[in-house]
Protein chains: 2
Amino acid sequence: MITLGLDPGISATGYGAVVFDRGSLTLERCGVWRPPQGLEFPVRLHFLFERLVALLGELRPAAVSVETVFAAKNVSSTVKLSHARGVLLAAAARFEIPVFEYEPRLVKKALVGYGQAEKPQVRAMVLALLARQRDRVPLDAADALAVAICHLHSRPPAP
Amino acid sequence: MITLGLDPGISATGYGAVVFDRGSLTLERCGVWRPPQGLEFPVRLHFLFERLVALLGELRPAAVSVETVFAAKNVSSTVKLSHARGVLLAAAARFEIPVFEYEPRLVKKALVGYGQAEKPQVRAMVLALLARQRDRVPLDAADALAVAICHLHSRPPAP
């Protein structure tokens, strides 16, 4: 059973798919989609939609996990993020894959143990958990993997 | 040449397609999509995406016109609106239809003559412009038609 974490963004959307089996976490796939900057905003959104549709069609994850929107002080950033997030959620719905949303502090708590942890701590823990596969994780995918792992913590699969 | 205006929203998305030909404005199609409230948020987003894809495939408008996001005081509303808007923009991009964005005050100015006009004034003008077709316009589609008409004002087709 694959869990796919997403870290939405119009400049870069990270994704990370993991499998948790018999107490062991395995990296299935991870990476980053970067819609070319020269494209119009709607085309960049569609770019992200298409990338996720292709990935979901291939991996067929059992769940998609994503952080809730943390309203940035910069409203424009929040608005752009929400556009990107919208197309990703719609792509998951296209495959009837349930989407689970976690507050950023819950993701931090699941990984590091407390909700005020800094991003580098979270990323370090993601890499530690993936052990020998850590070299395959680009920095931009670590946050997506964190939210996938958070989902596994919250709803561990039946033994 | 059809211009399609959109008034995005997760509860209700209005749409209005008009044709401007030889100085005369004709209503091609208008209505409202309401994703069933019982559905999960991602499913509602996908519902809107699918509706717009179907409409675009049928009408093949030359342009899609939509208001820029007016950041509401309620951030949660702005975030939801932006999710809905994201899937609609992505659907337009899927058909390679250019999307034109207008600030709310520009739409009001184009319809009523000044940017501080109230919504009812804008809607009344939309209905007046559509004259004998006005009975076909539900209230929720009037704002979508307004932004379509704003686009025609801003970029009148060559004579």
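Can you tell me how much longer the chain between A:HIS153 and A:PHE95 gets when fully stretched, taken as 0.36 nm per residue apart minus their C-alpha distance, in nm with one decimal?
18.5 nm
Looking at the stretch A:2-154, what % of its DSSP beta bridges pair antiparallel, to the nearest 5?
Taking every DSSP beta bridge within the stretch A:2-154, about 65 percent pair in antiparallel fashion.
Hey, can you grab everything whose amide H is under 5 Å from the amide H of B:ALA63? Only 5+ residues off in sequence or another chain; H modelled, so Pro and N-termini drop out.
Placed amide hydrogens put B:LEU4 under 5 Å from B:ALA63.
Using only protein heavy atoms and a 1.4 angstrom probe, determine the accessible area buried between B and A, summed over both sides, in Å² to the nearest 100. Intermediate results must be reported in sequence, preceding the final value.
Details: alone 8620 and 8620 Å², together 15500 Å².
Adding both sides of the contact gives about 1700 Å².
Could you list which residues have their amide H under 5 Å from that of B:CYS30, counting only those 5 or more apart in sequence or on another chain, with H placed in the peptide plane?
When sequence neighbours closer than 5 places are left aside, the close amide H contacts are B:ALA17.
Could you tell me the relative contact order of the stretch B:56-105? Use alpha-carbon pairs under 8 Å, at least six residues apart, and round to a whole percent.
Taking the mean separation of contacting Cα pairs over the length of the stretch B:56-105, I get 59 percent.
Pull up all non-local amide H partners of B:ALA72: gap of 5 or more, or a different chain, and H-to-H distance under 5 Å with H placed in the peptide plane.
Under 5 Å from the amide H of B:ALA72 lie the amide H atoms of B:THR78, each far enough along the sequence or on another chain.
Taking each residue in B:59-71, count the Cβ atoms of any other chain within 10 Å of its Cβ, then average. What number comes out?
Per residue, the average neighbour count from other chains is 1.
Quick one, can you get me the convex hull of the C-alpha atoms of the protein assembly as shown expressed as volume per residue in Å³? Don't skip to the end; give the middle numbers.
Details: hull volume 42.8 nm³, N = 318.
Per-residue hull volume (Cα only) is 135 Å³.
Just need the relative contact order of the stretch B:1-60 here, percent rounded to a whole number, with Cα pairs under 8 Å and 6+ apart.
Normalised by residue count, the contact order of the stretch B:1-60 is 26 percent.
I'd like the distance between the alpha-carbon centres of the stretch B:71-114 and the stretch A:43-96, rounded to an integer number of Å.
18 Å
Quick one: putting +1 on the C-beta of Lys and Arg, -1 on the C-beta of Asp and Glu, what dipole do you get for chain B around its Cα centre, in Debye to the nearest 20?
240 debye
Would you please name the GluC sites (Glu not before Pro) within the stretch A:88-158 that are DSSP coil residues with at most 14 other C-beta atoms within 10 Å of their C-beta?
Answer in residue order: A:GLU96, A:GLU118.
Scan chain B and report its longest stretch carrying no trypsin sites (Lys or Arg not before Pro) that are both in a DSSP loop and have at most 10 other Cβ atoms within 10 Å.
B:74-159
Per residue of B:99-105, count partner chain C-beta atoms within 10 Å of its C-beta, then hand back the mean as an integer. Intermediate results must be reported in sequence, preceding the final value.
On the way: counts 5, 0, 2, 0, 0, 0, 0.
Mean partner shielding for this stretch: 1.
From the phi angles alone, apply the Karplus equation (6.51, -1.76, 1.60; θ = phi - 60°) to the stretch A:122-136 and give each ³J(HN,Hα) in whole Hz, x where the residue is Gly or Pro.
Karplus values, whole Hz, x for Gly and Pro: 4, 5, 4, 5, 4, 5, 5, 5, 8, 6, 5, 8, 4, 5, 8.
Roughly how many nanometres apart are two label points built 7 Å out from the Cα toward the Cβ at B:VAL75 and B:THR26?
Those two pseudo-labels are separated by 4.8 nm.
Hey, got the average number of other protein chain Cβ atoms within 10 angstrom for residues in A:36-44?
Whole-number average of other-chain Cβ neighbours for A:36-44 is 4.
For chain B, compute the number of Lys pairs whose alpha carbons are separated by less than 21 Å, excluding pairs fewer than 8 positions apart on the same chain.
Eligible lysine pairs with Cα atoms under 21 Å apart amount to 4.
Which peptide among A:146-153, B:55-62 comes first, and what is the full order, when sorted by highest mean count of other Cβ atoms within 10 Å?
Sorting A:146-153, B:55-62 by mean packing, highest first, produces A:146-153, B:55-62.
Could you pull out the chymotrypsin sites (Phe, Trp or Tyr not before Pro) across the stretch A:24-121 that fall in loop regions by DSSP (anything but H, G, I, E, B) with no more than 13 other Cβ atoms inside 10 Å?
Qualifying residues, ordered by number: A:PHE70, A:TYR114.
Sequence gap at least 6, Cα distance under 8 Å: using those rules, report the relative contact order of the stretch B:2-154 to the nearest whole percent.
Averaging sequence separation for qualifying contacts and normalising by length gives 33 percent for the stretch B:2-154.
Only helical DSSP H runs with n ≥ 4 go in: add -39500 (n - 2.57) per run for chain A, normalise by residue count and round the 222 nm mean residue ellipticity to 500 deg cm²/dmol.
My calculation for chain A gives -15500 deg cm²/dmol from helical runs alone.
Calculate, for the protein assembly as shown, the solvent-accessible area per residue in square angstrom, rolling a 1.4 angstrom probe over the heavy atoms of the protein chains.
Spelled out: the 1.4 Å probe surface of the protein assembly as shown, per residue, equals 49 Å².
The values are calculated or read from the model by the stated rules, or taken from the named source; none is laboratory data. What you are looking at is a predicted structure, and each value in this text was computed from that prediction instead of being measured. Using ideal geometry, Cβ is built from the backbone for each residue, glycine included, and neighbour counts are taken over all protein chains shown. Note: areas computed on protein heavy atoms with side chains; ligands, DNA, RNA excluded. Shrake-Rupley method; radii C 1.70, N 1.55, O 1.52, S 1.80 Å.
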